[in-house]
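Undergrad: Take a look at the following structure, please.
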Amino acid sequence: MRIAIAGKGGVGKTTISGTLCRVLGNSGRQVLAIDGDPNPNLSVVLGIDKDSKSGPNLSTDIIERVETEDGKWKFQVKMPFNEILDTYGQKAADNVTLLMVGKPEKAGTGCMCGSHTVVRELIHSALTSEENRIIVLDTEASLEHMKRGTSRYVDHIYTVVEPYYRSLEAASRFADMARELGIENVQAIANKVRNAEEQQAIVDYCKKINLPIATIVPFDEQVMLADLKGLSIMDFNNKAKVVRALEIFAQTLYA
């Protein structure tokens with residue numbers, strides 16, 4: 001199963017991605033977390049010590065451009081999938097392995113086109129890999145990854161929304177582009193919902209744009225307290241409301 005988590009900046013996308021990885025891994029499944037954000041912080045949510053040495057960032061060194069039989073060109077991963085995991089993977093808690101695309105080394109170095117290609121082809125490579133893992137891709141907080149087809153090969157894309165108009169409007173754009181990529185399973189994750197009025201606002205908007213809601217995650221101040229300490233919510237309080245909501249949601253993925 002290959003999952004992408006998308007959404008506008010600030011909606012809690014990385015918290016959802018990392019906590020879902022930990023929840024799925026805690027159930028005994030092997031999980032591969034891919035941090036596709038050029039401003040990466042998924043490792044913190046996964047509970048990796050911020051002072052520990054991180055694994056090497058994925059680079060364009062793992063892909064090659066080859067000519068197809070019809071004379072066209074395509075990119076493909078040139079390393080076996082398990083070799084990529086051994087070389088670039090960083091172990092996290094609860095059966096989770098992290099791969100990081102990484103951030104630009106310095107300003108003014110150009111676009112992130114190569115990074116998007118690496119992530120896209122890495123997920124494509126996983127389709128034919130014998131590694132029986134769940135893949136969760138934490139995308140960058142923009143439409144760039146949709147425009148470049150980074151998430152093309154995922155099975156499900158979940159766009160995280162908060163109960164305010166700009167977030168909902170952005171979710172509509174993410175969903176439209178996901179469908180254009182041919183991704184059939186496109187749903188919303190309503191996050192930071194404080195009350196029935198906010199929940200209803202999300203339900204009404206998603207109904208209007210024909211975007212099913214996969215789950216509703218309540219506002220949880222424990223997330224903020226954990227973040228202030230630089231901790232994963234799973235390590236700060238694994239009984240928190242957001243954790244419980246994602247545990248219930250994870251069960252539906254295999255229903």
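Undergrad: Condition test on Ser232, is it of a type in the set (Gly, Ala, Ser), over 19 Å from Gly7 (Cα atoms) and in contact (Cβ under 8 Å) with a residue 40 or more places away in the chain?
TA: Yes: the conditions hold for Ser232.
This table checks each residue for (1) in contact with a helix residue (DSSP H, G or I) (Cβ under 6 Å, 6 or more places away or on another chain); (2) aliphatic (A, V, I, L, M); (3) under 23 Å from Arg133 (Cα atoms).
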position	(1), (2), (3)
Asn210	no, no, no
Leu225	no, yes, no
Lys239	no, no, no
Leu246	yes, yes, yes
Tyr254	no, no, yes
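Undergrad: May I pose another question? Among the residues of the stretch 13-45, write down those that are more than 12 Å from the chain's Cα centre (by Cα), among the basic types (Lys, Arg) and in a helix (DSSP H, G or I).
TA: If the condition is that a residue be more than 12 Å from the chain's Cα centre (by Cα), among the basic types (Lys, Arg) and in a helix (DSSP H, G or I), then Arg22 is the only one that fits.
Undergrad: Next question. Across the stretch 165-185, what is the number of residues that are crowded, with 23+ Cβ neighbours inside 10 Å and aliphatic (A, V, I, L, M)?
TA: 4
Coordinate-derived values only; no laboratory data. Since the structure is predicted, the reported quantities are computational estimates derived from the model, not experimental observations. When we count neighbours, we look across all protein chains shown, and the Cβ atoms used for this are built from the backbone with ideal geometry, even at glycine.
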